[in-house]
1. Pick out the one residue from B:GLU563, B:GLU594, B:GLU559 that is surrounded by 17 or more Cβ atoms within 10 Å (Cβ to Cβ), among the acidic types (Asp, Glu) and either assigned by TED's automatic domain parsing to the domain that holds B:HIS368 or at pLDDT below 90 (or both).
2. Return the total of residues in segment B:613-627 being within 15 Å of B:ARG534 (Cβ to Cβ) and out of contact with any helix residue (DSSP H, G or I) (no Cβ under 8 Å at 6 or more places or on another chain).
3. So which residues in segment B:394-416 are among the β-branched types (Val, Ile, Thr) and touching a Ser or Thr at 6+ places or on another chain (Cβ under 8 Å), if there are any at all?
4. Go through B:ILE176, B:ILE192, B:ILE187 for me and flag whichever is modelled with pLDDT of 85 or more, farther than 29 Å from B:ASP319 by Cα and either assigned by TED's automatic domain parsing to the domain that holds B:GLY276 or of a type in the set (A, V, I, L, M) (or both).
5. Inspect all residues belonging to segment A:284-294 and state whether any of them is over 18 Å from the mean Cα position of the chain (by Cα), assigned to a helix (DSSP H, G or I) and within 20 Å of A:ALA75 (Cβ to Cβ).
6. Name the residue, out of A:ALA64, A:ALA56, A:ALA38, that is in contact with a His (Cβ under 7 Å, 6 or more places away or on another chain) and crowded, with 20+ Cβ neighbours inside 10 Å.
7. Please pick out the residue among A:VAL324, A:VAL330 that is buried (at least 24 other Cβ atoms within 10 Å of the Cβ) and away from every other protein chain (no Cβ under 14 Å).
8. Considering only residues of segment B:245-271 that are among the charged types (D, E, K, R) and assigned to a helix (DSSP H, G or I), which is farthest from B:LEU291 (Cα to Cα)?
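The values are calculated or read from the model by the stated rules, or taken from the named source; none is laboratory data. What you are looking at is a predicted structure, and each value in this text was computed from that prediction instead of being measured. FYI the Cβ positions are ideal-geometry reconstructions off the backbone, even for glycines, and counts take in every protein chain you see.
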Amino acid sequence: MPFVLRRLLVLLTRHIDGVLLSAILLLMFTGLLTLFSAANGSFGRLSDQLINMMVALGVMWAFANIPPHYLMRMAVPLFLTGCALLVGVALFGEIVNGARRWLNIGITRIQPSELMKIALPLMLAWYFNRNEASLKLRNYVIAAVMLAVPAALIMRQPDLGTALLISASGGYLIFLAGLPWRIIIALAAAAAAGMPLLWSLMHDYQRQRVLTLLDPGSDPLGAGYHTIQSTIAVGSGGVLGKGWMNGTQTHLDFIPERTTDFIFAVYAEEFGLLGNAALLGLYLFLIGRAMVITANAPTLFARLLAGSITLTFFTYAFVNMGMVSGILPVVGVPLPLVSYGGTSLVSICLGFGILMSINTHKKLVQT
Amino acid sequence: MSELSINPGIEIRDSERELQRFRGRLALTGIFVLLLFGLLFLRFAYLQVVQHRHYSTLAEANRISVLPIAPHRGVILDRNGVLLAHNYSAYTLEITPSRAGNLEQTIDELATIVEITPRDRRRFRKLLEESKRFESLPIRTRLSDEEIARFAVHRYRFPGVEAKARLFRQYPQGEIFSHVVGHIGRINQREIEQLEKSGRLANYRGSDYIGKTGLEQSYEAALHGTTGVEEVEVDSGGRAVRVLSRTPPVSGNNLVLNLDAKLQEVAYQAFGDRRGALVAIDPRNGGVLALVSKPGFDPNLFVDGIDPQSWNELNGSPDKPLLNRAAAGTYPPGSTFKPFMALAALFYGKRSPQQVISDPGYFMFGGHRFRDGRPVPLGAVDMHRSIVVSSDVYYYTLANELGIDPIARFMEKFGFGSRTGIDIAGESAGVLPSTEWKLRRFKQKWYAGETISVGIGQGYNSYTPLQLASATATIANDGVMYRPHIVDYVEDIRSGEKTPVEPKPLRDLALKPEHLKVVKDAMVGVNKEGTSARVFADAPYVAAGKTGTAQVIAIKQGEKYVESRVAERHRDHAWFIVYAPADNPTIALAVIAENSGFGARAAAPVARQVLDYHLLGKLPAKPAEAD
């Protein structure tokens, strides 16, 4: 191989983690396969999603090449911008489908909560890293406030799903940063006591989702319809599944949102318990690899950021599959790397890009 | 030195300890991940293994829908193959109220695309009250191709509104056959219950209509056919995606009638604008050749539910177009009862044919003067003459001599006072008076004076034209009585197999031929030299008849019935019974023309036109005029 080409290849792949990439590609392939069936064998969505994947992999490559300390410098401005935009949404946001989530910035509309998904872990990781030498209870309180402000703003939009996911990503980070156990226990107790308060703060449709989860049959044509039909799809799949392109629930239009949030119902119906086990295994493999990267990260900033990204990814997968199989309420969370849609694909690949960067830049840091 | 050496050491230990602590926490989250994924796996296993059968069933139930395919209803044909009821395919516009939102608004908007008359709206509102919200109800029927095309363009604006291709029942002969053929209509709750009780409801899945009256009702089982079944795969919107299996429906059987459509029409038109009824029977087998009740109504109005205004018009009309006068209307038979009375006299041996009775124009009984309306008394009357000129006194005295119960016992054999068993519903039994009947009906004993007017067919006597036609046919057929039946045979259109409605001899009255001859000769005499001689003066065939007049109101003692002084609806009904040809009868009939006075004047000309057509194929130029 000519020297120039070999050099280029090294340049391109230097910061790519082969193990992570292969797991990601396998999941993406699974997604395309399922999407093809969910779209009744049409290539329209498939080619759209292929483009999304290319873009997402490009973003991943780009972030893999950004050394972690550059990211650290971006943490504060990104977080402040995110908060400002969220306030902007609350004040001037556009209402779409009853929720104020979008901000028109002249050129295009943006959804600042998406930005917060990466800005918040960055900020918290930066903050804990800065105070690494002398972590006191006060630091955890301040971190909690930094978490609570954007979470509250997003919850008010209202966007319960994103608010919970962002809270989770911050929560994991604070936990990994060494939040004392006595505080954790106290918080758990307070949370249990605060449930009624949370209930009173929820919007009607959010309460409805919780109630519907407890008894989907209470509203079989309304809020419970999604859960009932997706549960039927999963259950009727059996051990071996009905076979690719053969899911009746899927192809007769019984599964709502079957290319996006409910794509797992399509997958489970057609590939059965074996397919589900394989998918869980694939996710575990990806998460496991990410955890190894996290454990070996050189700085506290890198460790906390990597841990948060890893566990948030897990949360997406768990919440989505739990929702489709009827053990969690219906929140708008896609199945990571599988569901159709560019935004989530890009933000997840961006996270894996950061993980790869952390893994491949540590030698430089150490030397 | 010590500080220098210790400090880095502490720092290294510290960060080493921090790392260990971090890895410990990370391991905990790893366990957390495994636990939750384990929980997911258990959930999948529960759904996909333990509950698999349950969810498979639900998925199948989601997927497969069994759709009934309504069979084609059999058609009804007259004896010559003329269509009396048939089906044609056309479009209806139907609304499912539960899916349509604001109904008024939907209908208003529809009205801008296809014509919707106020009558359509009224009918729809009535259907709406009678139906469930999820049933699909027609707002417009029989849409033109152009209207369908226009609706198709705007379809998206109308959720819950559908254009359906459907078979319509049509009665091309309209009101002429309204009481015989009857009509179908939308199945109501009571009929659903009846079908359920008889175990036939399953066969009506997919059928919206059922026979309501006439032959449509009485031959419902033969006409309806067997509903087919289609198993289809449906999507979540309930739209059929593909057919999995199909059991085709079996079309209903056709009815071929004894009825002659042309004869029926001749009879119907012969009445002109008078009300009345006519029943013509083939005496040799009981086949009904014509069964007319005038006025009729357009049965097509009822097929898709009649609108309230049209219903009120029909139901409230003093002409009672909905009443089947032929089978359900009862009238005193008047003098048409006399031939039967004469047979009774001979049967009981009370009078010989030659025995002469003096007719002074009245008959005194218990201080009551029973009149004979004519101005000049008849004088000496034997049995033959009593029928030919229709002597009242002859029969007053005869009735008195016979007594009411022997009369009733004899008349019962001719079917008076009991249903003939014709193959349409709604028949009246009429009233055959007897001591037992009066006791049952009024809880009173019978007075001998009441027997007198029974002898001339007045009093409590009350029979349907059908009973009179059947009794006349029995005389014509020498005492062998058949059950009148409209349907000749039921035809299976697939196999071509014909199942005849067997002529059923009800009974042989065992009348003596010499007795019959006396009465039959007298009835020939009626048309030759008697009360209806003028009507049959130029007839090229010999017909045996009897005129009659049924009183509508009682005339007081010492008063004379003057037609012009009596309100039209209180005038007497005109009767005529006849069979022909006299020596080998092929038709026997009874006609009543309501409020038309003396029988020979109004009823006999109607009968003449019917006989002329039946025997000679002669079509009348205009309605029968009163003689």
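1. None of the others qualify; the one that does is B:GLU594.
2. Going through segment B:613-627 one residue at a time, the tally reaches 0.
3. B:ILE404, B:ILE407
4. B:ILE192
5. yes
6. Answer to the selection: A:ALA64.
7. From the options A:VAL324, A:VAL330, the qualifying one is A:VAL330.
8. B:LYS262
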